[in-house]
1. Can you tell me how much longer the chain between B:Asp223 and B:Lys449 gets when fully stretched, taken as 0.36 nm per residue apart minus their C-alpha distance, in nm with one decimal?
2. Nearest-5 percent of antiparallel DSSP beta bridges in the protein assembly as shown?
3. Would you list, by chain and number, the lysines whose Cα falls below 16 Å from the Cα of B:Lys195, excluding same-chain residues fewer than 8 positions away?
4. Could you tell me the distance between the Cα centroids of the stretch B:299-324 and the stretch A:69-146, to the nearest Å?
5. Which of the three applies to chain B, rounded, prolate or oblate, going by the alpha-carbon gyration tensor with a ≥ b ≥ c and a/c under 1.5 meaning rounded?
6. For the residues A:Leu102, A:Leu64, what sequence is obtained by ranking on other C-beta atoms within 10 Å, fewest first?
7. Under a no-solvent Debye model with one identical scatterer per Cα of the protein assembly as shown, what's log10 I(q)/I(0) at q = 0.07, 0.09, 0.10, 0.11 Å⁻¹?
8. Viscosity 1.002 mPa s, temperature 20 °C: what is the translational diffusion coefficient of the stretch B:1-142 from Stokes-Einstein with a Kirkwood Rh over Cα pairs, rounded to a whole number of µm²/s?
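Each reported figure results from applying straightforward, stated rules to the coordinates on display, with no laboratory input. Keep in mind it's a predicted model, so treat the numbers as computed, not measured. All Cβ positions, glycine included, derive from the backbone under ideal geometry; neighbour counts span all protein chains shown.
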Amino acid sequence: MIDMKKLTVSASPHQKSADTTTGIMLDVIIALAPAGIAAVLVFGLRALAVILVSVASCVLAEFLSRKAMKKENTISDLSAVVTGLLLAYNLPSNLPFWEVVLGAVIAIVVIKQMFGGIGQNFINPALGARVILMSAFPSRMSAGAFAGLNKSGWDVDALTGATPMGLVGLDGVKEGAPTLSELFFGNVSGCMGEVSAAALLIGGIYLMVRRVISPILPVTYIATVAIFCTFAQGFDMYAVAYELLGGGLFLGAIFMATDYTTSPITKKGKLIAGIFCGVVTCVIRLWGSLPEGVSFSIILMNVFVPYFEDWTAPTPFGMIKEKKAKKSKEKEEAKA
Amino acid sequence: MASLNIAGVQKPAAKGHGGAHVKHHKNTSALPVVRMPIPASVTIPLSQHIGAPNEAQVKVGDEVKVGQVIGSTDAFVSAPVHATVSGTVKAIKPVKIVNGNMVNAVVIESDGEMALSEDVKPPVIESKQDFLNAVRASGLVGLGGAGFPTHVKLAFKEDAGVDTLIINAAECEPYITVDHREMLDRPEDILNGVKAAVKWLGFQNAYIGIEDNKPDAFQSLLDTMEANEEFKDLVKLICLPSSYPQGAEKVLIYSATGRKVPPGKLPSDVGCVVMNVQSASFLGRYLKTGKPLVSRSLTVDGGAVADPKNVRAPLGTMYSEIVEYCGGFKEEPYKVLAGGPMMGIATPDINVPLLKNNNAITCLAKSAVKVKPTRSCIRCGRCVDSCPMCLEPTLIEKKAHLKDVDGLNKASVMNCMECGSCAFACPSGRPLVQYMRLGKAIVREAGAKK
């Protein structure tokens, strides 16, 4: 006979899906790998060093801050690794290491843990850190290392140049800009993660196939930018393609805007957020003084998330909305 | 699975939202129901479900026969209980039932004869009221799990516009296969039950909703309808997608008719009555033989049982004896459930009696139960995507934490049917169903204070 004291009693359901937080984060890490490989191929080993420093300092920052707050440690959920990767992908490969570490501390300690840890931060930690670094060190942050010229380059002051987004404006693409195929396959200057649209796309498709992210937000975001620019650029499709492939649009749309914690939970909310990000990105890029608008548009969207969710709360099954109920009542009365 | 293409089978009228991709584990679907040997004694609780408890109609020392009423009450929302074996009443005492409550029960020591009571004779029915009285006298309650007295459900007003009878044969819970077996082994009883309900209650439409993972069940019913002139055009079979919780009442009504039951309303408010397929089958048999509800079929499976079976056992048989009949445990059970793994109740003790509404004993092995560490919500939205009632479980959890009554009402917490799809999907292992229950309790408490 079995020992009855060992029967477990708990609330239903007694079966669970295979999804876990750690598994989801691992999927994101896998999806980010192609872009990381592209970055190392384009920028050389310095890029790998930045990635490693960023990931290591994010994990360490998470570990130490949880320890200091005397809370259960959460590094095993791998979310700090994802933040570390995303932060690195948002930095130029020749950024001094101490600035990378500073960014990691801002992302993990200030933006994530001080607001309650995983699931509680109101803006994307990696993007928040990027924006703070950009304000603190504008010249180094906005200049990407020139690809191909300093592959061996550990020299921080080696040749640097502007991101390709500085070369496209309302008057079309300027001379000296890289070609579209260079943008797609990743032979350009810029932040490490955004150099290859192809690598980002592979990662994005992987996440959608694994159902980690819904395609709604990235697709509407990119489509909004495409449509907006088509009109703003007067149907100059070359410039439109440039807007799409250059800069951080793919990285932002696929990996940053879809961050669970800081994007709307509802389908309609995701749609609105995608359009919102697209419009803000284009406005900043085309009329603002900054060459790039992806980071700010996503952070602005993050702040609006509670409103987007409130507006798009799903109607419970069988519930008739008040407006509709009124209308149908009026109709019935009119009939009678 | 692609939808089945069997002539005479309808597609669902509408597709519901969400649900969970639960593994079916229908290991016992090829095993016909076997009758268990008569137990030495049975323990029959006088209150087995929602409604007024019955009062004992027998005394200690009385001789009873199978089908004799041993507990009844005058209250409307109730159903009588009958002796399930013949023998001597040994005790009337409080016993623990599966949900941990103590209720009064009649203990009968069997004489092994299974002698039928003289009261058992086919009911004479000449009117709708006769029919409803007979259903009450049969002791029938919803056999699918809810256990709501059937005669109450059927006693809708004639001007209520109830025109549709839906037989629930979705059987969406993993492991359980007794509904499936009922359709394979007793299709005539099912159709007889439906026919009687249609005749006396005047339904215009009758449907049987079956998930598409049971193609032979469709065939069995179609063949029976083909072979008997009296069953021609009696019911329409609906092929439902095999996704959990297809058998939930509101989901089934929506799939079968496209009608949505509003929050706080009953199926009869949209003109529907839903009955479990075993209830219909029992009704068909009862009207012929007059033998009340004294035994039932159930699936005994779940991985930890040595010899999984579909068993027919007298009501009041101890779980421990039923499990013993199925070869006992082959490995230590982690949880023993009354019902399936999605909505079943975990029992603290296997020395509890079989009730009318227990459609399965699921004994989960430790290896089969995935225990996820409970982590913080990452707002992935899987609970929102999976909710068949279109709620936001993560939001309700937060409101329940805050004891925010207005917020809970706005989030429509009372609309939750506790199907468990959200907690199943949650990657952070949060006990969402518990929070839904907490939220409901908070709302009820606030309502009682007013």
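1. Numbers: separation 226, 0.36 × 226 = 81.36 nm, distance 5.70 nm.
Roughly 75.7 nm would be gained on extension.
2. Antiparallel bridges: around 65 percent, rounded to the nearest 5.
3. Candidates past the 8-residue exclusion: B:Lys128, B:Lys232, B:Lys236, B:Lys288.
4. With the stretch B:299-324 and the stretch A:69-146 each reduced to a Cα centre, they are spaced 56 Å.
5. rounded
6. Final ranking by Cβ density, sparse to dense: A:Leu64, A:Leu102.
7. Listed by q, the Debye log ratios stand at -0.63, -0.90, -1.02, -1.14.
8. Result for D is 115 µm²/s.
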